[in-house]
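Engineer: Just dropping this structure here.
The values are calculated or read from the model by the stated rules, or taken from the named source; none is laboratory data. Computed from a predicted model, the values in this text were never measured in an experiment. All Cβ positions, glycine included, derive from the backbone under ideal geometry; neighbour counts span all protein chains shown.
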Ligand SMILES: [Fe+2]
Ligand SMILES: [Fe+2]
């Protein structure tokens with residue numbers, strides 16, 4: 001866009017199923033008119049099936065003029081076919097990230113799925129049974145991927161795209177008993193250290209729209225069911241405006 005503003009559109013948890021043909025086509029058309037970059041924060045499908053992702057890919061053609069950057073969510077792993085989903089998305093031109101970075105103009109995006117394990121004092125520690133240690137290791141590995149991706153970014157403005165929440169604040173609204181399954185505080189430290197401009201995530205369908213990390217980084221929960229619930233008449237995607245660092 002020529003007004004010195006770079007617009008990022010983001011949505012998560014679109015959960016395409018076998019009956020979803022055309023479901024969000026008009027949303028993607030609107031995104032194509034309004035933003036410079038479209039982010040999809042995981043749970044792209046219901047069951048992680050290739051036929052589901054193909055319906056989404058057809059609809060994303062409505063935003064073919066935009067760079068589209070995505071991460072997978074836990075639902076996309078359900079059928080053990082995440083590699084096929086990744087290949088199909090990449091073949092269609094979607095920048096599907098799993099620790100990699102995507103850079104456009106002066107904005108860089110690092111995407112990872114993230115994982116659960118809880119926040120703050122409630123963070124699960126790698127102690128006791130091997131199963132517990134494996135679970136914690138998965139969260140630690142995702143955090144490491146995020147950190148490595150952020151370290152490689154050259155762009156002056158950094159965005160993190162996650163599926164799971166990195167802070168407790170944006171899952172508030174969900175039953176407290178399930179907070180440990182909605183995200184991991186282990187994702188928060190790299191966001192602070194690399195002074196990320198904004199974080200987008202989903203997964204907490206009934207969470208809260210906005211929060212901040214301990215270092216003041218803004219975090220946006222863009223789960224589609226949450227956006228729809230809070231504004232039934234509005235467009236269910238979030239637009240963030242970033243001032244371009246060098247204005248024309
Ligand atoms: Fe979801
Ligand atoms: Fe999810």
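Engineer: Going through region 71-116 one residue at a time, which ones are touching a helix residue (DSSP H, G or I) at 6+ places or on another chain (Cβ under 7 Å), away from ligand 2 (no atom under 15 Å from the Cβ) and farther than 27 Å from residue 157 by Cα?
Structural biologist: Those that are touching a helix residue (DSSP H, G or I) at 6+ places or on another chain (Cβ under 7 Å), away from ligand 2 (no atom under 15 Å from the Cβ) and farther than 27 Å from residue 157 by Cα: 81, 84, 88.
Engineer: Still on this structure, please answer the following. For region 1-100, which fully contained helices (runs of 4 or more DSSP H) count at least 2 residues that are buried (at least 20 other Cβ atoms within 10 Å of the Cβ) and away from ligand 1 (no atom under 16 Å from the Cβ)?
Structural biologist: Qualifying helices (runs of 4 or more DSSP H): 25-34, 50-60.
Engineer: Quick one: residue 191 ticks every box in (1) within 15 Å of residue 111 (Cβ to Cβ); (2) at pLDDT below 95 bar one, so which box is it?
Structural biologist: Checking residue 191 against (1) within 15 Å of residue 111 (Cβ to Cβ); (2) at pLDDT below 95, the one that fails is (2).
Engineer: Restricting to region 206-217, name every residue that is within 14 Å of ligand 1 (Cβ to nearest atom) and either on the phi > 0 side of the Ramachandran plot or buried (at least 20 other Cβ atoms within 10 Å of the Cβ) (or both).
Structural biologist: Hit for region 206-217 is 207, nothing else.
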